[in-house]
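The values are calculated or read from the model by the stated rules, or taken from the named source; none is laboratory data. This is a predicted model, so every value here is computed, not measured. Cβ placement follows ideal geometry from the backbone for every residue including glycine, while neighbour counts extend to all protein chains displayed. When the accessible area is computed, the model is the full protein with side chains, heavy atoms only, and any ligands, DNA or RNA have been set aside. Shrake-Rupley method; radii C 1.70, N 1.55, O 1.52, S 1.80 Å.
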Amino acid sequence: MRRFSLVVIAAPNAPDIPAGTYTKSCGGCAVEDGVLTCTCDAPGKSPMITSVAVAGCPSFANSNGQLACDKPGNDDGIPPGPYSNSCGGCRLSDDAVRLECSHCMTNDMQYMASSIDLTLCPSFTNDNGQLKCEEIQKSEL
């Protein structure tokens, strides 16, 4: 019995694609109408075609076969809250009265900058790209 292997060779990337580590495992990448589309490898899966909007994201990564914004890391010493899972580039302002994040994810997977006054509440969340006070349940007090 003969065995055959299927080898997928992606087309070369277009010259104007955004920066990122995705280029190591994705090919045939191009940007059209503000959307980056590539064929990306995924561990244990066949290569897949994936797309992501490029607005508001400086760099991209291949996350298990899906293109994703490679948001910048957060500074040490930022306040607590679930916002840190979906916001990147977060830091305290120079006068330490505001939390400033350069990349907070919106509901449609875009990124935008957001900031909030630290005196408003002790913990923060990301609400569609906007930093907001996290509501604390009475059982948490």
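Inspect all residues belonging to the stretch 52-61 and state whether any of them is open to solvent by 40 Å² or more (accessible area, probe 1.4 Å), under 29 Å from Cys29 (Cα atoms) and touching a strand residue (DSSP E or B) at 6+ places or on another chain (Cβ under 6 Å).
The answer is yes, given that some residue of the stretch 52-61 is open to solvent by 40 Å² or more (accessible area, probe 1.4 Å), under 29 Å from Cys29 (Cα atoms) and touching a strand residue (DSSP E or B) at 6+ places or on another chain (Cβ under 6 Å).
Of the residues that sit in the stretch 47-77 and are free of Cβ contacts under 8 Å to residues at least 40 places away in the same chain and not in a loop (DSSP other than H, G, I, E, B), which one is nearest to Gly89 (Cα to Cα)?
That would be Ala68.
Do you know which residues across the stretch 15-51 are of a type in the set (A, V, I, L, M), open to solvent by 30 Å² or more (accessible area, probe 1.4 Å) and either modelled with pLDDT under 90 or over 22 Å from His103 (Cα atoms) (or both)?
Ala30, Met48, Ile49 - these are the residues of the stretch 15-51 that are of a type in the set (A, V, I, L, M), open to solvent by 30 Å² or more (accessible area, probe 1.4 Å) and either modelled with pLDDT under 90 or over 22 Å from His103 (Cα atoms) (or both).
Could you list, in sequence order, all residues of the stretch 69-85 that are open to solvent by 30 Å² or more (accessible area, probe 1.4 Å) and modelled with pLDDT under 90?
Selection gives Asp70, Lys71, Pro72, Gly73, Pro80, Asn85.
Within the stretch 62-85, count every residue that is under 27 Å from Asp16 (Cα atoms) and in contact with a strand residue (DSSP E or B) (Cβ under 6 Å, 6 or more places away or on another chain).
Within the stretch 62-85, residues that are under 27 Å from Asp16 (Cα atoms) and in contact with a strand residue (DSSP E or B) (Cβ under 6 Å, 6 or more places away or on another chain) number 10.
Read through the list (1) assigned to a loop (DSSP other than H, G, I, E, B); (2) at pLDDT below 90, then give the number of the only condition that Asp94 fails.
Here Asp94 meets the rest and fails (2).
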